[in-house]
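Colleague: Take a look at this one; I'll ask things after.
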Amino acid sequence: LLIDSGHSLYHYRKGMVLSLMSIPVQKPLEDWNISDLQLLIDEKVQESYGVEFKRDAYKSADKEKKEMLKDLAAMANASGGLIFIGIDADQEERAKELVGIENHEKQCEMLVNVSLSCIEPRISGLRTHPIPVSDGRSVVVVHIPRSHRSPHMVTRQGYDRVHIRHEKRVGTKT
(Lines give C-alpha, C1' and ligand atoms only; values in the text may rest on other atoms or scores of the structure.)
Protein backbone atom coordinates (compact mmCIF):
# COMPACT_ATOMS: atom_id res chain seq x y z
CA LEU A 1 0.00 0.00 0.00
CA LEU A 2 1.49 3.33 -1.04
CA ILE A 3 0.39 6.56 0.61
CA ASP A 4 1.39 10.02 -0.57
CA SER A 5 1.61 12.36 2.42
CA GLY A 6 2.33 15.41 0.27
CA HIS A 7 6.05 15.36 1.01
CA SER A 8 6.85 11.65 1.25
CA LEU A 9 5.75 8.34 -0.15
CA TYR A 10 5.34 5.64 2.45
CA HIS A 11 5.11 1.91 2.01
CA TYR A 12 3.27 -0.11 4.64
CA ARG A 13 4.51 -3.68 4.99
CA LYS A 14 3.84 -6.04 7.89
CA GLY A 15 3.05 -3.19 10.26
CA MET A 16 6.23 -1.23 9.39
CA VAL A 17 6.43 2.17 7.74
CA LEU A 18 9.34 2.45 5.32
CA SER A 19 10.08 5.84 3.80
CA LEU A 20 10.64 5.27 0.11
CA MET A 21 11.30 8.77 -1.05
CA SER A 22 11.25 11.32 1.71
CA ILE A 23 11.96 14.07 -0.75
CA PRO A 24 10.08 17.34 -1.02
CA VAL A 25 9.79 17.08 -4.81
CA GLN A 26 7.17 14.87 -6.42
CA LYS A 27 7.40 15.29 -10.19
CA PRO A 28 8.72 13.37 -13.19
CA LEU A 29 12.49 12.89 -13.32
CA GLU A 30 12.82 14.83 -16.58
CA ASP A 31 11.27 17.91 -14.96
CA TRP A 32 13.81 18.11 -12.12
CA ASN A 33 16.05 21.21 -12.12
CA ILE A 34 18.64 22.92 -9.94
CA SER A 35 15.92 24.49 -7.76
CA ASP A 36 14.66 21.02 -6.88
CA LEU A 37 18.17 19.89 -5.97
CA GLN A 38 18.67 23.00 -3.83
CA LEU A 39 15.44 22.18 -2.02
CA LEU A 40 16.98 18.84 -0.98
CA ILE A 41 19.87 20.79 0.58
CA ASP A 42 17.63 23.44 2.18
CA GLU A 43 15.34 20.78 3.68
CA LYS A 44 18.35 18.69 4.79
CA VAL A 45 16.81 15.58 3.28
CA GLN A 46 18.29 12.45 4.80
CA GLU A 47 19.34 9.30 3.02
CA SER A 48 16.71 6.64 3.41
CA TYR A 49 15.44 3.39 2.02
CA GLY A 50 14.83 5.02 -1.36
CA VAL A 51 17.28 7.94 -1.40
CA GLU A 52 21.08 7.89 -1.58
CA PHE A 53 23.61 10.69 -2.03
CA LYS A 54 27.01 10.17 -3.68
CA ARG A 55 29.50 13.03 -3.61
CA ASP A 56 31.73 11.58 -6.32
CA ALA A 57 31.10 9.86 -9.63
CA TYR A 58 31.53 6.13 -9.86
CA LYS A 59 34.96 5.42 -11.35
CA SER A 60 35.62 2.99 -14.18
CA ALA A 61 37.84 0.66 -12.10
CA ASP A 62 36.36 -2.80 -11.55
CA LYS A 63 35.97 -2.25 -7.79
CA GLU A 64 33.98 0.96 -8.39
CA LYS A 65 31.83 -0.64 -11.09
CA LYS A 66 31.01 -3.50 -8.73
CA GLU A 67 30.01 -1.01 -6.03
CA MET A 68 27.78 0.80 -8.52
CA LEU A 69 26.15 -2.47 -9.57
CA LYS A 70 25.53 -3.43 -5.93
CA ASP A 71 23.85 -0.06 -5.30
CA LEU A 72 21.59 -0.36 -8.36
CA ALA A 73 20.61 -4.01 -7.84
CA ALA A 74 19.98 -3.57 -4.11
CA MET A 75 17.70 -0.60 -4.69
CA ALA A 76 15.81 -2.42 -7.47
CA ASN A 77 15.45 -5.47 -5.20
CA ALA A 78 13.99 -3.24 -2.48
CA SER A 79 11.38 -0.68 -3.49
CA GLY A 80 13.33 1.37 -6.00
CA GLY A 81 14.42 4.96 -5.45
CA LEU A 82 16.82 7.71 -6.44
CA ILE A 83 20.60 8.03 -6.32
CA PHE A 84 21.96 11.57 -6.53
CA ILE A 85 25.52 11.57 -7.87
CA GLY A 86 27.19 14.90 -7.10
CA ILE A 87 25.43 15.74 -3.82
CA ASP A 88 27.54 15.65 -0.66
CA ALA A 89 25.98 14.54 2.63
CA ASP A 90 26.90 15.38 6.21
CA GLN A 91 27.72 12.86 8.96
CA GLU A 92 24.02 12.28 9.59
CA GLU A 93 23.63 11.44 5.88
CA ARG A 94 21.63 14.60 5.16
CA ALA A 95 22.01 16.46 1.86
CA LYS A 96 24.61 19.15 2.46
CA GLU A 97 26.04 20.56 -0.78
CA LEU A 98 25.61 20.48 -4.55
CA VAL A 99 29.14 19.65 -5.71
CA GLY A 100 28.31 18.15 -9.10
CA ILE A 101 30.53 15.90 -11.19
CA GLU A 102 32.42 16.46 -14.41
CA ASN A 103 31.73 14.39 -17.53
CA HIS A 104 28.15 13.54 -16.68
CA GLU A 105 27.68 12.01 -20.15
CA LYS A 106 30.40 9.45 -19.44
CA GLN A 107 28.90 8.66 -16.00
CA CYS A 108 25.40 8.15 -17.41
CA GLU A 109 26.66 6.01 -20.27
CA MET A 110 28.79 3.80 -17.99
CA LEU A 111 25.98 3.41 -15.49
CA VAL A 112 23.46 2.26 -18.09
CA ASN A 113 25.85 0.10 -20.15
CA VAL A 114 27.41 -1.71 -17.20
CA SER A 115 24.03 -2.32 -15.59
CA LEU A 116 22.67 -3.75 -18.85
CA SER A 117 25.55 -6.19 -19.15
CA CYS A 118 26.13 -7.09 -15.48
CA ILE A 119 22.73 -7.28 -13.75
CA GLU A 120 20.40 -10.22 -14.35
CA PRO A 121 17.57 -9.90 -15.01
CA ARG A 122 17.95 -6.42 -16.42
CA ILE A 123 16.40 -3.54 -14.49
CA SER A 124 13.61 -2.24 -16.70
CA GLY A 125 13.06 1.50 -16.59
CA LEU A 126 16.45 2.52 -15.16
CA ARG A 127 16.95 6.19 -16.12
CA THR A 128 19.47 8.95 -15.60
CA HIS A 129 18.93 12.70 -15.69
CA PRO A 130 21.86 15.16 -15.49
CA ILE A 131 21.14 18.59 -14.03
CA PRO A 132 23.76 21.32 -14.59
CA VAL A 133 24.79 23.00 -11.32
CA SER A 134 27.95 25.05 -11.98
CA ASP A 135 31.08 25.44 -14.10
CA GLY A 136 30.47 22.42 -16.33
CA ARG A 137 29.51 20.22 -13.39
CA SER A 138 26.20 18.38 -13.06
CA VAL A 139 24.31 16.32 -10.55
CA VAL A 140 23.17 13.03 -12.07
CA VAL A 141 19.85 11.78 -10.75
CA VAL A 142 19.47 8.04 -11.22
CA HIS A 143 15.95 6.64 -11.04
CA ILE A 144 15.80 2.94 -10.16
CA PRO A 145 12.21 1.71 -10.41
CA ARG A 146 10.79 -0.86 -8.07
CA SER A 147 11.22 -4.12 -9.91
CA HIS A 148 8.63 -6.82 -10.35
CA ARG A 149 11.31 -9.14 -11.76
CA SER A 150 13.50 -9.34 -8.67
CA PRO A 151 15.77 -10.60 -7.37
CA HIS A 152 18.37 -8.91 -9.53
CA MET A 153 21.84 -10.40 -9.36
CA VAL A 154 25.16 -8.68 -10.00
CA THR A 155 27.03 -10.86 -12.51
CA ARG A 156 30.50 -9.46 -13.13
CA GLN A 157 33.72 -11.41 -13.65
CA GLY A 158 32.68 -14.41 -11.58
CA TYR A 159 30.99 -12.30 -8.91
CA ASP A 160 27.40 -13.57 -8.85
CA ARG A 161 25.51 -12.18 -5.89
CA VAL A 162 22.11 -10.79 -4.97
CA HIS A 163 22.18 -7.58 -2.89
CA ILE A 164 19.34 -6.26 -0.79
CA ARG A 165 18.95 -2.71 0.49
CA HIS A 166 18.08 -2.44 4.15
CA GLU A 167 16.27 0.42 5.80
CA LYS A 168 18.78 2.84 7.32
CA ARG A 169 18.41 3.22 11.06
CA VAL A 170 18.43 6.77 12.33
CA GLY A 171 19.02 7.72 15.94
CA THR A 172 21.18 6.67 18.83
CA LYS A 173 23.76 3.99 18.15
CA THR A 174 23.75 1.07 20.55
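The values are calculated or read from the model by the stated rules, or taken from the named source; none is laboratory data. Remember, predicted model here, so these are calculated numbers, not experimental data. Please note: Cβ atoms are built from the backbone with ideal geometry, for glycine as well, and neighbour counts cover all protein chains shown. What goes into the accessible areas is simple: the full protein's heavy atoms, side chains included, and nothing from ligands, DNA or RNA. Shrake-Rupley method; radii C 1.70, N 1.55, O 1.52, S 1.80 Å.
Colleague: I'd like to check one number: the per residue accessible area of region 30-132, probe 1.4 Å, reported in Å² as a whole number.
Modeller: 46
Colleague: Quick check: residue separation of residue 43 and residue 99 times 0.36 nm, minus the Cα distance between them. What number comes out in nm?
Modeller: Values: separation 56, 0.36 × 56 = 20.16 nm, distance 1.67 nm.
Fully extending the segment from residue 43 to residue 99 adds 18.5 nm.
Colleague: Find the relative contact order for region 40-166 and round it to a whole percent, using C-alpha pairs within less than 8 Å whose residues are 6+ positions apart.
Modeller: 31
Colleague: Set the Förster distance to 25 Å, then compute FRET efficiency between residue 109 and residue 134 from the Cβ-Cβ distance, nearest 0.05.
Modeller: 0.70
Colleague: Set the Förster radius R0 to 35 Å, insert the Cβ-Cβ distance between residue 155 and residue 27 as r into 1/(1 + (r/R0)^6), and round the FRET efficiency to 0.05.
Modeller: 0.55
Colleague: Ordered by packing density, taken as the mean number of other Cβ atoms within 10 Å over each peptide's residues, highest first, how do 40-47, 120-127 rank?
Modeller: 40-47, 120-127
Colleague: Multiply the residue gap between residue 92 and residue 35 by 0.36 nm, knock off their C-alpha separation, and tell me the result in nm, one decimal place.
Modeller: 18.2 nm
Colleague: Using amide H atoms built 1.01 Å from N in the peptide plane, name the residues 5+ places from residue 139, or on other chains, whose amide H lies under 5 Å from its own.
Modeller: The answer is 101, 131, 133.
Colleague: Give the accessible area for residue 65 in Å² (nearest 10); use a 1.4 Å probe, count only protein heavy atoms, and leave out ligands, DNA and RNA.
Modeller: 40
Colleague: For a quick check: with amide H placed at 1.01 Å from N, whose amide H comes under 5 Å from residue 146's, ignoring anything fewer than 5 positions away on the same chain?
Modeller: Correct list: 81.
Colleague: Take the Cβ-Cβ distance between residue 116 and residue 60 as r, set R0 to 22 Å, and report the resulting FRET efficiency rounded to the nearest 0.05.
Modeller: 0.90
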